[in-house]
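What follows draws every value from the coordinates through simple rules; no lab data is involved. Remember, it's a predicted structure, so these values are computed and weren't measured experimentally. Glycine also receives a Cβ, built like all others from the backbone with ideal geometry; neighbour counts cover every protein chain displayed.
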Amino acid sequence: MAKSLAHEFFKGFWEEVPPFRLVLGLCPVLGVTTKIQFGIGMGLATTFVLVCSNILISMLRNLIPSKVRIACFIIIVATFVTVVELMMQAFTYGLFKQLGVFIPLIVVNCIVLGRAEAFASKNNVIMSTADGLGIGMGYTLALAALGSVRELLGAGTLTVWGDPILNLSSIFPGFQPFKFMIQAPGAFVGLGLLLCVMNMVGKK
Amino acid sequence: MREMIKMILVLTILSTVSGGLLAYVKVGTKDRIDNQVLQLVKGPAIRSILAGASNDPVADRFTLPDGENEIEFFVGKFDGQPKTVVFETFGKGYGGDVGLMVAVDVTQNQIYGVEVTTHSETAGLGARAKEDPAFAAQFKGQPLTKPIQVSGDGGSINALSGATITSRAVCDAATEATQVYDRLKPQIEDKLKSLP
């Protein structure tokens, strides 16, 4: 059953948005989303790996023997992750330092391997590109959404690359940062609340 | 049998291509990464040790071979005279290597100042070696002639409480620096003389 290109692209934004609908790839979702910019950075790095590995895997899908497909996928994914790691060190060193171990951990992010196994190995290059791009951007938006909720409540500000774009204490004088939200348990609570809102909105 | 050969072939080719690509990217980004580390990690550490220097220590640098390694030296001039050389050494900490920038005062043969650069020590314990200026300040004026040790080991450095291993690592790195300086002293002096 062939679905349209637009469907494969847009499903990543709502229908199959990874951390909320598929509840996959939660480790960075909980780990790096203390600030909106960490969420965006992590999401973009993952998107790059996802798109590149999806393209390559769908190109090679008829050549890769099915018995060693997972090993082949991991080689491809790990290669692109190392490329991202080096590129981030070279161009955005500060962000790389902040994201730390989560960048190499993209290798074991189940979204990337999941899309390779479930989609790219069965579909053509154009469809796989759309799938990777859609899922990756959905993931980025999800991380940014959780990051902005946590940063806004936990620190009272929204900062994108050094520029505060919103400051809660200037809108509501006397606002006290809700420190709990930028700590680890706040990540779970924030994720749960966002999931809850998504389910309420999505319920027919 | 055919299938087996195909599996081995595909895996081999994939790994080879991947290795080649990574080597290419690594070589291509090496200079930029070194530059970023210099600007964002080493540079600020060097500048903060050599506060008040009359030159830019990051710009005035030279490398010397030490055994199999190459060590990069940064020159700090005060009132136009090259008075200190700064270089990085490493000690074994609790969570891996602890990098230490050590400034050696070449006119008085003592340590001018130190600062921790890269480390993976525990936040709140070992990480205070980088954050607590009072700890690093103890190294100022230490003579180069004897090993630098924490007070429990017979030296004069007060260890950070709860972070003995990290404190030892910093002392080891500082001691290593005195030994490196001792080994390379003639070459360093030659280089300093030839500076413009």
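When Lys and Arg each count +1 and Asp and Glu each count -1, what net charge do the other residues less than 15 Å away from residue A:165, Cβ to Cβ, add up to? So the surrounding residues net to -1. Treating each Cα of segment A:1-111 as one equal point scatterer and applying the Debye formula with no solvent, the log10 of I(q)/I(0) at q = 0.11, 0.14, 0.16 Å⁻¹ comes out as -0.40, -0.64, -0.83. Taking every Cα-Cα distance in segment B:15-76 and sorting them into 5 Å bins from zero, the calculated P(r) comes out as 4, 15, 17, 19, 16, 12, 8, 5, 3, 1, 0 percent.
Report, in degrees rounded to the nearest 10, the 0 to 90 angle that the Cα long axis of helix B:164-194 makes with the longest principal axis of chain B. Taking the Cα atoms of chain B, the angle to B:164-194 is about 80 degrees. Taking other C-beta atoms within 10 Å as the exposure proxy, B:178, A:92, B:166 rank A:92, B:178, B:166 from fewest upward. Sorted largest first, the principal axis extents computed over the alpha-carbon atoms of segment B:127-184 equal 34, 22, 18 Å.
Taking other residues whose beta carbon is less than 15 angstrom from the beta carbon of residue A:82, and scoring Lys, Arg as +1 and Asp, Glu as -1, yields +1. Of the Cα atoms belonging to chain B, the radius of gyration and Dmax stand at 20.9, 77 Å.
Computed over the alpha-carbon atoms, segment B:85-196 gives an Rg to Rh ratio of 0.99, Rh here being the Kirkwood radius from the mean inverse distance. Hey, what angle do you get for helix A:184-202 against the long axis of chain A, alpha-carbon based, 0 to 90 degrees rounded to 10? Computed tilt is about 70 degrees. Using only Cα atoms, tell me the angle between helix A:36-59 and the longest principal axis of chain A; keep it within 0 to 90° and round to the nearest 10. So the inclination is approximately 10 degrees.
Please arrange B:122, A:82 by counting, for each residue, the other beta carbons lying within 10 Å of its beta carbon, fewest first.
Working: B:122 16, A:82 20.
Lowest count first: B:122, A:82.
The order of A:36, A:74, going from fewest to most other C-beta atoms within 10 Å of their C-beta, is A:74, A:36. The three principal axes of the Cα atoms in segment B:41-121 give end-to-end lengths of 40, 27, 24 Å, sorted in falling order.
Taken over the protein assembly as shown, the percentage of Cα pairs per 20 Å bin, counting from 0 up to the bin with the maximum distance, is 22, 43, 30, 5, 0.
Need one number: the % of Cα-Cα pairs in segment A:5-202 sitting beyond the 22 Å mark.
Details: 9631 of 19503 pairs.
Across segment A:5-202, Cα pairs with separations above 22 Å total 49 percent.
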